[in-house]
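Asker: The structure's right below; bear with me while I get my questions together.
The values are calculated or read from the model by the stated rules, or taken from the named source; none is laboratory data. Fair warning: this is a prediction, and the values are worked out from it, not measured in the lab. Note that we place each Cβ from the backbone using ideal geometry, even for glycine, and neighbour counts take in every protein chain shown. Ligands, DNA and RNA are excluded from the accessible area calculation, which covers all protein heavy atoms including side chains. Shrake-Rupley method; radii C 1.70, N 1.55, O 1.52, S 1.80 Å.
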Amino acid sequence: MNNIYIYNDSFISLLNLIKCLFKNKIRPYNIKNTFYNKNMFDNIIKLNIESDEEIIKEFINIFNTYNFKLIYNVFNSNEENKEIIIYYYLLNYFKYKDKLGMMRNLKCVSETLRISEKIGRECHKFKGFTRFKELKNKVLYAEINPDNNILYLLSIHFKKRLSNEYWCIKDINRNIISIYNKEDFEIISGNNIEIFKNNLSSDEQNISDMWKDFYKIVGIKERKNERCRMNFMPKKYWKVLTEMEEENEKDSIWKRVTRENRRGN
Amino acid sequence: MELKEKLQILSDSAKYDASCSSSGSTRKNNGGFGNTHYAGICHSFSSDGRCISLLKILLTNACIYDCKYCPNRRSNNIKRAIFTPEEIAYITINFYKRNYIEGLFLSSGIIKNPDYTMSLLIETITLLRNKYHFNGYIHAKAIPGASESMLKKLGSLTDRLSANIELPTNESLKLLAPNKKENEVFKIMNYIKTNRNKSFVPAGQSTQMIIGASKETDLEIMQKSESMYNNQKLKRVYYSAYVPVNKDSLLPSITIPPLKRENRLYQADWLLRYYNFKVEDLLDKENPNFNILIDPKASWALNHLNEFPKEVSSCSYNDLLKIPGIGVISAKRIIKSRKHFKLTFQDLKKMGVVLKRAKYFITCGNKFYIDYSYLNKHFIETNLSIEDKIVNINKEEVKQLSLFNYE
Ligand code: SF4
């Protein structure tokens with residue numbers, strides 16, 4: 001049987017579980033969150049561990065800030081086996097210490113670095129692709145749809161950049177919202193707050209129209225290159241981009257018509 | 001005229017300038033509004049696949065000059081407009097706040113004379129920096145012929161200040177841009193080079209050359225770039241494939257911009273700046289132009305097959321950089337890792353080294369990746385040219401800069 005250890009979905013509970021496994025010298029077959037669908041050969045184990053927040057300090061002390069940031073990034077990814085990658089990465093740290101980063105021949109190292117870079121890349125994309133709308137009460141509101149959970153990293157960026165504005169960023173794929181009050185941001189569940197996102201400031205229409213004009217005009221038609229655009233700005237992100245509204249509409253009409261057409265046949 | 005229409009006119013007349021970078025500056029948000037990101041940020045990509053980072057506009061397109069290749073030249077019958085400083089500030093601030101842009105790229109047609117034009121640019125940017133406390137990225141174009149006191153002021157307000165050389169030789173400039181003088185452009189470049197510091201043009205200067213409007217070879221173009229990198233310490237040279245906007249007996253009668261050629265020049269430029277190549281390694285009098293079918297690095301490697309294969313577990317950093325398909329990031333990773341364990345092809349893949357192109361040129365632990373009886377020039381050349389595609393150079397710059405910044 002394969003021993004699958006279950007943690008309580010949060011990062012802190014994962015760290016507490018890993019600490020406990022290390023302490024008792026247990027090699028798990030895999031580590032999964034509570035949504036895991038058990039299969040035939042699995043032996044599901046839920047340890048009764050207290051979720052202690054002090055563990056963050058403890059881990060930073062043992063593994064240093066750099067490694068801690070790495071595994072936090074991996075945890076925020078959408079990779080299937082991220083927990084066990086984190087487990088082996090940390091386990092190997094005891095052996096290799098600060099040389100661990102060079103040991104890219106170990107799968108847990110190459111995977112950790114690859115995934116962390118992937119998160120960094122998607123976060124960097126959204127530093128550009130986040131689009132705020134100004135609401136009537138002057139709050140800037142944006143919706144994003146990243147594949148990975150980058151809201152925390154992204155909020156750090158906007159905290160520095162738009163430090164004197166009130167802003168909210170909602171990750172619509174995860175239903176979480178980062179709220180910034182000119183001092184710090186906090187990430188809460190989307191269920192706990194209602195935002196009147198259609199109540200826009202008086203300038204909003206005019207400004208976003210000018211932006212859409214600008215976007216259309218800067219494309220040089222003699223150089224048109226759809227593949228290149230798609231490569232750097234994949235279609236999945238278009239629905240949060242103000243300047244792509246028209247294209248999105250075209251797209252959805254096209255989809256609807258072809259669907260209806262097919263149904264007609 | 002409504003602001004909306006002005007923006008349409010003055011962004012349309014600025015769009016042919018190729019520069020788009022917003023990197024190289026670390027301006028902080030000191031209780032004001034915005035900051036800059038050292039690696040630069042692309043906010044969108046236009047329908048031609050180019051990165052949109054800055055609000056790229058002209059202050060006015062009412063130009064007194066008559067450069068043959070330019071849509072704004074005096075002799076063209078087009079709608080003219082001019083922004084007020086407040087208007088530019090209003091759009092910049094509102095675009096920035098919504099995260100549409102990383103900052104402002106402000107250039108201008110020449111109105112009255114160079115110094116008067118400069119004074120309008122200075123007034124606008126002063127307003128942004130001092131009244132609105134805007135700390136986002138600003139790239140301004142210096143007007144050739146401007147006095148030093150104007151350059152001094154403008155440079156102290158901007159992250160990047162630059163002047164376009166426009167054409168690779170003085171003869172072409174005389175022919176196609178009779179009002180512009182090469183030595184005036186160099187005067188600006190040299191002034192910026194001498195005075196550059198943390199608070200004067202911190203992100204450095206760039207320039208642009210139009211490709212295919214005049215008769216120069218790639219060799220002449222690259223030599224010009226090399227000399228400007230060495231002597232004027234430029235950060236970037238942009239190459240802008242000539243888009244035929246005007247009809248003129250002095251201009252070539254093309255209908256499609258020479259994009260492939262532009263791409264080759266960017267690739268070669270990359271080799272000069274990051275791969276320790278020299279122009280003389282790549283081109284000479286007998287072969288003054290790049291091969292359109294194959295990129296300059298691969299082409300160099302094919303002409304130096306006797307220097308290959310390189311053994312990745314022992315060859316120098318510089319040798320790694322010479323291998324087609326291996327970039328700065330991969331080379332650094334290889335160097336770091338191979339001290340700690342014996343490299344295999346599997347490891348290279350795990351490290352993110354792409355073997356698609358490199359496989360013809362390397363051994364790893366004295367093993368070839370493919371049957372080496374295939375390894376002749378013709379076979380490799382055919383395979384490499386099939387895979388060749390146009391890459392967006394700006395994207396690579398972002399990757400590259402973030403590497404230097406964080407690793
Ligand atoms: S100076 Fe020449 S290139 Fe610049 S706007 Fe005027 S005509 Fe165009």
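Asker: Which FRET efficiency, nearest 0.05, do residue A:252 and residue A:45 yield, Cβ-Cβ r, R0 56 Å?
Answerer: Computed FRET efficiency for residue A:252 and residue A:45: 0.75.
Asker: So what is the orientation-averaged projected area of region B:3-207, using the convex hull of its C-alpha atoms, in nm²?
Answerer: Numbers: hull surface 43.5 nm².
Over every viewing direction, the Cα hull of region B:3-207 projects on average to 10.9 nm².
Asker: With a point put 7 Å past each Cα toward its Cβ, work out how far residue B:74 is from residue A:261 in nm, to one decimal.
Answerer: Simple spin-label model gives 5.5 nm for this pair.
Asker: Roughly how many percent of the accessible protein surface of region A:130-201 is carbon and sulfur, given a 1.4 Å probe and a whole-percent answer?
Answerer: Of all accessible area on region A:130-201, carbon and sulfur atoms account for 45 percent.
Asker: Moving on. Using label points projected 7 Å from each Cα along Cα→Cβ, tell me how many nm separate residue A:147 and residue B:64, to one decimal.
Answerer: 5.6 nm
Asker: If you average the alpha carbon positions of region A:137-192 and of region B:104-139, how far apart do those two centres end up, in angstrom?
Answerer: Going from one Cα centre to the other spans 33 Å.
Asker: Can you give the accessible area buried between chains B and A, summed over both chains, with a 1.4 Å probe, in Å² to the nearest 100?
Answerer: Buried area between the two chains comes out at roughly 5300 Å².
Asker: Using amide H atoms built 1.01 Å from N in the peptide plane, name the residues 5+ places from residue B:211, or on other chains, whose amide H lies under 5 Å from its own.
Answerer: Close amide H contacts, sequence-distant or interchain: B:240, B:241, B:242.
Asker: What angle, in degrees between 0 and 90 and rounded to the nearest 10, separates the Cα long axis of helix B:3-12 from the longest principal axis of the Cα atoms of chain B?
Answerer: So the helix axis and the longest Cα principal axis differ by about 40 degrees.
Asker: Follow-up question, since we're still on this one. Enumerate the calculated ³J(HN,Hα) couplings along region A:47-59 in order (Karplus 6.51 cos²θ - 1.76 cosθ + 1.60, θ = phi - 60°), each rounded to whole Hz, writing x wherever the residue is Gly or Pro.
Answerer: Rounded to whole hertz, the list is 7, 8, 10, 6, 8, 10, 6, 4, 4, 4, 4, 4, 5.
Asker: Would you mind checking which residues have amide H under 5 Å from residue B:165's amide H? H placed 1.01 Å from N; only 5 or more apart, or other chain.
Answerer: B:208
Asker: Next question. Given the C-alpha atoms of region A:130-201, compute the convex hull and give its volume per residue in Å³.
Answerer: Dividing the Cα hull volume of region A:130-201 by its residue count gives 81 Å³.
Asker: In addition: Going by a 1.4 Å probe on protein heavy atoms, which residues of region A:227-253 end up with at least 20 Å² less accessible surface in the whole assembly than in their chain alone?
Answerer: Hits at the 20 Å² cut-off: A:227, A:228, A:229, A:232, A:233.
Asker: Using label points projected 7 Å from each Cα along Cα→Cβ, tell me how many nm separate residue B:215 and residue B:148, to one decimal.
Answerer: With each label placed 7 Å out from Cα toward Cβ, I get 3.9 nm.
Asker: In deg cm²/dmol, rounded to 500, what helix-only [θ] at 222 nm does chain B give when every DSSP H run of at least 4 residues adds -39500 (n - 2.57) and the total is split over its residues?
Answerer: Here the helix-only value at 222 nm equals -11500 deg cm²/dmol.
Asker: Then there is this: On alpha-carbon atoms, Rg over Rh for chain B using Kirkwood Rh?
Answerer: Ratio of gyration radius to Kirkwood radius: 1.00.
Asker: Mean 1/r over all different Cα pairs, inverted: what Kirkwood radius does region A:100-168 give, in Å?
Answerer: Kirkwood radius, region A:100-168: 13.8 Å.
Asker: Rounded to the nearest 0.05, what FRET efficiency is calculated for residue B:387 and residue B:276 with R0 set to 35 Å and r the Cβ-Cβ distance?
Answerer: For residue B:387 and residue B:276, the calculated efficiency is 0.90.
Asker: Let me ask something else about it. What are the ³J(HN,Hα) values, in whole Hz, obtained from phi via the Karplus relation 6.51 cos²θ - 1.76 cosθ + 1.60 with θ = phi - 60°, for each residue of region A:215-231 in sequence order, with x given for Gly and Pro?
Answerer: 4, 5, 5, 5, x, 8, 5, 5, 10, 2, 8, 5, 5, 5, 4, 4, 4
Asker: Here is a follow-up. Angle, helix A:82-96 long axis vs. longest principal axis of chain A, Cα atoms, 0 to 90°, nearest 10?
Answerer: The answer is roughly 50 degrees.
Asker: Per residue, how large is the accessible surface of chain A? Use a 1.4 angstrom probe and give square angstrom.
Answerer: That works out to 55 Å² per residue.
Asker: Give me a single rounded figure for B:91-97: the average over its residues of other chain Cβ atoms within 10 Å of their Cβ.
Answerer: Taking the mean over all residues of the peptide, I get 4.
Asker: For region B:279-332, which whole-number percentage of the solvent-accessible area (1.4 Å probe, protein heavy atoms only) is attributable to carbon and sulfur atoms?
Answerer: About 46 percent, which is the carbon plus sulfur part of the accessible surface.
Asker: In deg cm²/dmol and to the nearest 500, what is the mean residue ellipticity at 222 nm of chain A if only DSSP H runs of at least 4 residues count, each as -39500 (n - 2.57), divided by the residue total? Present the calculation step by step, with values, prior to reporting the outcome.
Answerer: Numbers: 9 runs with 129 residues, N = 265.
Roughly -16000 deg cm²/dmol at 222 nm, from the helical runs in chain A.
Asker: Net charge within 15 Å of residue B:93 by Cβ-Cβ distance, Lys/Arg positive one each and Asp/Glu negative one each, not counting residue B:93 itself?
Answerer: Neighbour charge sum, excluding residue B:93 itself: -1.
Asker: Right, here's the next one. Placing +1 at every Lys and Arg Cβ and -1 at every Asp and Glu Cβ, with all other atoms neutral, what dipole size does region B:3-207 have around its Cα centre, in debye to the nearest 20?
Answerer: 220 debye
Asker: Any chance you could give the angle, 0 to 90 degrees and rounded to 10, that helix B:218-231 forms with the longest Cα principal axis of chain B?
Answerer: 70 degrees
Asker: To continue, here is another question. Between residue B:104 and residues 5 or more places away or on another chain, which pairs have amide H atoms under 5 Å apart, with H built 1.01 Å from N, and which residues are they?
Answerer: Answer set, sorted by chain and number: B:55, B:137, B:138, B:139.
Asker: Another question about this same structure. Please figure out what share of the DSSP beta bridges in the protein assembly as shown is antiparallel and state it in percent, rounded to the nearest 5.
Answerer: Antiparallel bridges: around 35 percent, rounded to the nearest 5.
Asker: Just to confirm, what accessible area per residue do you get for region B:149-230 at 1.4 Å probe, in whole Å²? Could the numbers behind the result be given before it?
Answerer: Details: 3160 Å² over 82 residues.
Accessible surface, normalised per residue, equals 39 Å².
Asker: Find the centroid of the Cα atoms in region B:1-80 and in region A:36-61, then give the distance between the two in whole Å.
Answerer: Centre-to-centre distance over Cα atoms comes out at 53 Å.
Asker: Any chance you could check region A:86-119 for residues losing 20 Å² or more of accessible area when the partner protein chains are in, compared with the chain on its own (1.4 Å probe)?
Answerer: Buried on complex formation: A:99, A:102, A:103, A:104, A:105, A:110, A:117.
Asker: In region A:181-221, what residues drop by 50 Å² or more of accessible area when the other protein chains are put back, versus the chain on its own? Use 1.4 Å, and skip ligands and nucleic acids.
Answerer: SASA drop of 50 Å² or more in region A:181-221: A:207, A:210, A:211, A:213, A:214, A:217, A:218, A:220.
Asker: According to the Cα gyration tensor, what semi-axes, each the square root of 5 times an eigenvalue, does the equivalent ellipsoid of the protein assembly as shown have, listed from largest to smallest in whole Å?
Answerer: Ellipsoid semi-axes (Å, largest first): 45, 35, 24.
Asker: Right, next: What Kirkwood hydrodynamic radius, in Å, does region B:296-394 give when the mean of 1/r is taken over all pairs of distinct Cα atoms and then inverted?
Answerer: Result for region B:296-394 stands at 13.9 Å.
Asker: Hand me the trypsin sites (Lys or Arg not before Pro) from region B:273-307 located in a DSSP loop with no more than 12 other Cβ atoms within 10 Å, in residue order please.
Answerer: B:278, B:285
Asker: Another question, then. Considering only DSSP beta bridges whose two residues both sit in region A:130-201, what percent are antiparallel, to the nearest 5?
Answerer: In region A:130-201, DSSP labels about 75 percent of beta bridges as antiparallel.
Asker: Excluding the sites themselves, what is the longest stretch of chain A that contains no chymotrypsin sites (Phe, Trp or Tyr not before Pro) in a DSSP loop with at most 10 other C-beta atoms within 10 Å?
Answerer: The segment A:42-265 is the longest one with no such site.
Asker: Quick one: Debye curve from the C-alpha atoms of region A:202-265, no solvent, what's log10 I(q)/I(0) at q = 0.19, 0.22 Å⁻¹?
Answerer: Per q value, in the given order, log10 I(q)/I(0) is -0.88, -1.03.
Asker: May I pose another question? At a temperature of 10 °C and a viscosity of 1.306 mPa s, determine how fast region A:2-121 diffuses translationally according to Stokes-Einstein, using the Kirkwood radius over alpha-carbon pairs as Rh; express D in µm²/s, rounded to the nearest whole number.
Answerer: Values: Rh = 14.7 Å.
The calculation lands on 108 µm²/s.
Asker: Mind checking which of B:309, B:326, B:298 is farthest towards the positive end of region B:296-394's charge dipole, using Cβ charges of +1 (Lys, Arg) and -1 (Asp, Glu) about the Cα centre?
Answerer: B:326
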